Amino acid sequence: MLLILLLLALLSYRNGIRAQQRGLSPTRWTIFTVIAFICGLFVSAFILAVIILSRNPKIVDLATQNNQTAITKYMTDNLGGNAMVYSSLFFAGGIGGYLLIRYLIDKNDLKSNL
């Protein structure tokens, strides 16, 4: 969680500076970056859940039985080998939100120069 907050602070700060250099409101674009980063995390978490559930249908059966201990045991036993891939996908969603706002800042700068 700390890594996500540090990454969010750094990326929001960078977009705020980028917006200020282009004569835009840095506070506004920093807030947009935070919102886009969090939305990106949620979208990537949803995609990750779909991937995990489609590759491991036994989890769906355990969830319908509401067996939390069996779900936890199954997840730790069978999904530990892919933790790096799953966390990379999760962070990619957040960085995608940051890059979207960065693109919009740059696009807005191009419009104002034309």
Per residue accessible area of the chain, 1.4 Å probe, in Å²: 67 Å²
Estimated vicinal HN-Hα couplings, Hz - the stretch 64-76 in sequence order (Karplus 6.51, -1.76, 1.60; Gly, Pro = x): 5, 7, 6, 9, 5, 5, 5, 5, 4, 5, 4, 5, 5
Reciprocal of mean inverse Cα separation for the chain (Kirkwood radius, Å): 16.1 Å
Calculated SAXS-style log₁₀ I(q)/I(0) at q = 0.17, 0.26, 0.28 Å⁻¹ - the stretch 1-67, Debye, Cα scatterers: -0.69, -1.03, -1.09
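Using 0.36 nm per residue, how much length does the chain from V60 to S87 gain when fully extended, once their Cα-Cα distance is taken away?
Values: separation 27, 0.36 × 27 = 9.72 nm, distance 2.13 nm.
The span from V60 to S87 would gain 7.6 nm if fully extended.
Okay, helix-only estimate at 222 nm for the chain: each DSSP H run of n ≥ 4 adds -39500 (n - 2.57), divide by all residues, round to 500 deg cm²/dmol; what do you get?
So the calculated ellipticity at 222 nm is -30000 deg cm²/dmol.
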Rg/Rg_ref, the stretch 28-73, where Rg_ref = 2.2 N^0.38 Å and atoms are Cα: 1.65
Share of carbon and sulfur in the accessible heavy-atom surface of the chain [1.4 Å probe, %]: 68 percent
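The values are calculated or read from the model by the stated rules, or taken from the named source; none is laboratory data. Since we're looking at a predicted model, the values are computed, not measured. Note: areas computed on protein heavy atoms with side chains; ligands, DNA, RNA excluded. Shrake-Rupley method; radii C 1.70, N 1.55, O 1.52, S 1.80 Å.
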